[in-house]
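This report refers to the structure that appears directly beneath it.
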Amino acid sequence: MTDFLLELLCEEIPARMQQKASEDLARLFTEKLAEAGLKPDSIQSFVTPRRLALIASGLPLQTQAVNEELKGPRADAPPQALAGFLGKTGLTREQLVERPDAKGNVILFAVIEKPGRATADVLAEAIPAIVRAFPWPKSMRWGKASQTTESLRWVRPLQGIVAILGEDLVDIEIEGVRSGFATLGHRFHHPHQITIGGASDYVEKLRACHVIVDHAERMAIIEAKAQEAAAAHGLMLVEDKGLVAENAGLTEWPVPLLGDFDPAFLEVPPEVIQLTLRTNQKYFVLRNAAGALAPAFICTANIEAHDGGTAIVAGNRKVLAARLSDARFFWEQDKKTRLEDHAKKLERITFHEKLGTVADKVERVAKLARWLVEEGIVTPSSASQTVTPANAGVSSGGAPSPEMPAHAGMTKAELADMAEQAARLCKADLVTEMVGEFPELQGVMGGYYARAEGLPDAVADAIRDHYKPVGQGDEVPTAPVTVAVSLADKLDTLVSFFYADMPPTGSKDPFALRRAALGVLELLTRNVVRLSLWESITRALAGMTDLHCAPGIGDAEYELHLRSMNKTFETLPDFFADRLKVQQREAGVRHDLIDAVFALGGEDDLVRLLARVRALQAFVETPDGTNLLAGYKRAANILKKEAPFATAVTPAQAGVSGDGALPHETLAEAGMTATAYTPEPDEAALIAALDAAEPRATKAIAREDFAAAMAALATLRAPIDAFFEVVTVNDPDPAKRSARLALLARMRDAVHGVADFSRIEG
């Protein structure tokens, strides 16, 4: 057994591609060896900006000989079939083996012995195939060979191949690049060739030449030394695993260095500085002991500088100063124009070709936000907690005082005015210089500009946070103005794209509608906002009417508009139901219970629906709930076989009273004749239990006390169990049979007042 080393040397591999490339190399190598019957004990893969490498341990020097059997025709097959099989296998008739099958027919088999091969030969074939089939996201051709499409494609020009099995070179040639024992060390510290003896000394020889081939080790070095550098100056490193991985992908010998910048730049919003450091420069952000942004950064050099990094830091400081100067210029220029004037430019930006401009969307959102407040859906008391800098996710100076919430003492009229104002300005920062440079700051910069021009804190906060939540785990706004604008924005997006018949399909969701729906659900449930889904869709569709039904619209266009509206009503509620299941799955809520409540119909208040679902889940997990569900299913199965009771009826329609009598018209439909009789004791007990439980459950549901409704249903558990134990439902007497079936229908419908138990699993 021996080890194999492979290294593919090239020009700089983009950092974002490195980890996946390392995984792909190990996967493809494993698959190719498996085809030849080889399986190494372990594979360790490496990647740096200039090389992909792997070490396969525990490979045999030769593959094992194997016998391969090919099934041929029957022994009495026509000569042409036999000749074709012999030509395929290269054997003679005498070399074929005869075997009977299960039917007694004699079948011919070719047994072909494949001798073992040298592992080096297998590798010499596998490596070129891997290189040519490598799945780079982007690749290139180079040199004279690039004149033909048959030439090699690689992420960057391939410069060298090291392929050593044990201590022997595996001879490989790919597009003029031949394998050898030599590779290159660090570009500056050791630019000369290094001779590699094999897998055993590869990692340490390169380390001696200032190349750390293990990506994870470079990440650990960057993180540890960056924290040390920050602590030495009394600062704290802002944790950023993605940036650590990116810097590890940019260096082969990482050396974190601390630098500083002019504190005067801190007058620019901190989010801008952070993005400039991280996105533009790949620097780490630092905070002081108080948690405020510090005028300092950590960059990652790729060399051990003779001067300790002084010149490197000075160069990075100079570049950063230019970047921050640009940011400060954008900040100052944008503040010279009021948000109201910025917003006028939104007429020049298309939201979607079928849905008008961003200005059109803003108009729809403003009307919807005002409606949410005026109808009392979002009120000053909707917020479940005060917005503070800590929970709003903004830095110092970016939020109102936690002692005085932005919405404190606000009347409904004031709240409506502020919601409309915030909605009309919430997209204005899209046309600013700063958001043009940093699209990630849309909303955030609008909040800063609003506060800078003296707009109310509630309006500035709503502009800043109206995109939230943007995904699971993101902060959910609670301030009422923000809730109104955020809800209006997301509802308009959903209704607009469903109206235009562009819902998500499969894994494709180009307009992030699933995220928007989850955002609506989070806002409603987190703030206990009592919103009718049907009514909100109706209000949002009014914006589509304004957009598409201008005076003089033709009949065909209006008919298309009506069809689009109806389609939205048909599809969007189901979409919300699916998203609700996704949202509640993590909270441990069963999807079948959500289906059971939705199946009742008419329940479009998602807060009330979830309260009902949670009470139902708590109930069905108790012994009473489990047994009542079993009794319900037994009753439902019996009723399915009986035509008059196959569909749900209300207790009034069922008409069963304490004496067990059934209305004459129902009997007539069943072809039966009414005959008075006295109910059996267990039958009478169930009737009495229903007489007591039905009104209690109905009243509890009316006051939205779903736990009490479940408790009322729980009283039916013992009577229904006893009923099925003693009473014969399909009695020969038609009157008894019909009355008992009606009693079961009454029990079923009493349960349906809470949920459709037929949808519940178990």
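The values are calculated or read from the model by the stated rules, or taken from the named source; none is laboratory data. In this text, all values refer to a predicted model and were calculated from it rather than measured experimentally. Neighbour counts run over all protein chains shown; Cβ positions are idealised from the backbone, glycine included.
So that you can scan it fast, the table gives a plain yes or no per residue for (1) at pLDDT 95 or above; (2) under 40 Å from the mean Cα position of the chain (by Cα); (3) assigned to a loop (DSSP other than H, G, I, E, B):
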position: T183; (1), (2), (3): yes, no, no
position: F188; (1), (2), (3): no, no, yes
position: P191; (1), (2), (3): no, no, yes
position: V203; (1), (2), (3): yes, yes, no
position: I212; (1), (2), (3): yes, yes, yes
position: A216; (1), (2), (3): yes, yes, no
position: M219; (1), (2), (3): yes, yes, no
position: A224; (1), (2), (3): yes, yes, no
Exercise for the section: Among the residues of the stretch 8-23, write down those that are part of a helix (DSSP H, G or I) and either small (G, A, S) or surrounded by 15 or more Cβ atoms within 10 Å (Cβ to Cβ) (or both). Expected result: A15, M17, Q18, Q19, A21, S22
Problem - Matching residues in the stretch 64-89 - criterion: being within 21 Å of E113 (Cβ to Cβ), in contact (Cβ under 8 Å) with a residue 12 or more places away in the chain and exposed (fewer than 14 other Cβ atoms within 10 Å of the Cβ) - result: Q64, A65, V66, N67, E68, E69, K71, K88
Practice task
Give the stretch 469-485 a look and list any residue that's within 16 Å of the chain's Cα centre (by Cα) and crowded, with 21+ Cβ neighbours inside 10 Å, or say none.
Solution key: P469
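A quick yes/no check of all residues on (1) at pLDDT 95 or above; (2) under 15 Å from D240 (Cα atoms); (3) crowded, with 22+ Cβ neighbours inside 10 Å:
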site: T279; (1), (2), (3): no, yes, no
site: K282; (1), (2), (3): yes, yes, no
site: A289; (1), (2), (3): no, no, no
site: I298; (1), (2), (3): yes, yes, yes
site: G308; (1), (2), (3): no, no, no
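Being exposed (fewer than 15 other Cβ atoms within 10 Å of the Cβ), at pLDDT 95 or above and closer than 22 Å to E12 by Cβ is true for just one of V255, V319, V244. Which residue is that? Give the derivation first.
On the way: V255 fails: exposed (fewer than 15 other Cβ atoms within 10 Å of the Cβ); V244 fails: exposed (fewer than 15 other Cβ atoms within 10 Å of the Cβ).
Of the residues listed, the single one that is exposed (fewer than 15 other Cβ atoms within 10 Å of the Cβ), at pLDDT 95 or above and closer than 22 Å to E12 by Cβ is V319.
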Practice task
Only residues that are free of Cβ contacts under 8 Å to residues at least 60 places away in the same chain and among the charged types (D, E, K, R): list them for the stretch 21-34, please.
Solution key: E23, R27, E31
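Give A712, A739, A668 a once-over and let me know the one that is modelled with pLDDT under 85 and either under 30 Å from F598 (Cβ atoms) or in a helix (DSSP H, G or I) (or both). Show your work before the answer.
On the way: A712 fails: modelled with pLDDT under 85; A739 fails: modelled with pLDDT under 85.
Of A712, A739, A668, the one residue that is modelled with pLDDT under 85 and either under 30 Å from F598 (Cβ atoms) or in a helix (DSSP H, G or I) (or both) is A668.
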Handout entry: Selection status of I196, under 16 Å from I161 (Cα atoms), surrounded by 13 or more Cβ atoms within 10 Å (Cβ to Cβ), touching a Lys or Arg at 6+ places or on another chain (Cβ under 7 Å) and not small (G, A, S)
Key = yes
Problem - Which numbered condition A636 fails, given (1) in contact with a Lys or Arg (Cβ under 9 Å, 6 or more places away or on another chain); (2) outside any loop (DSSP other than H, G, I, E, B); (3) modelled with pLDDT under 85 - result: (3)
Problem - All positions within the stretch 33-49 that are within 33 Å of the chain's Cα centre (by Cα) and either surrounded by 21 or more Cβ atoms within 10 Å (Cβ to Cβ) or under 15 Å from V162 (Cα atoms) (or both) - result: S45, F46, V47, T48
Fill in the blank from the handout: Note on the stretch 274-311: residues touching a helix residue (DSSP H, G or I) at 6+ places or on another chain (Cβ under 7 Å), more than 18 Å from M219 (Cβ to Cβ) and hydroxyl-bearing (S, T, Y) are T276
Exercise for the section: With respect to V613, determine if the residue is in a helix (DSSP H, G or I) and surrounded by 16 or more Cβ atoms within 10 Å (Cβ to Cβ). Expected result: yes
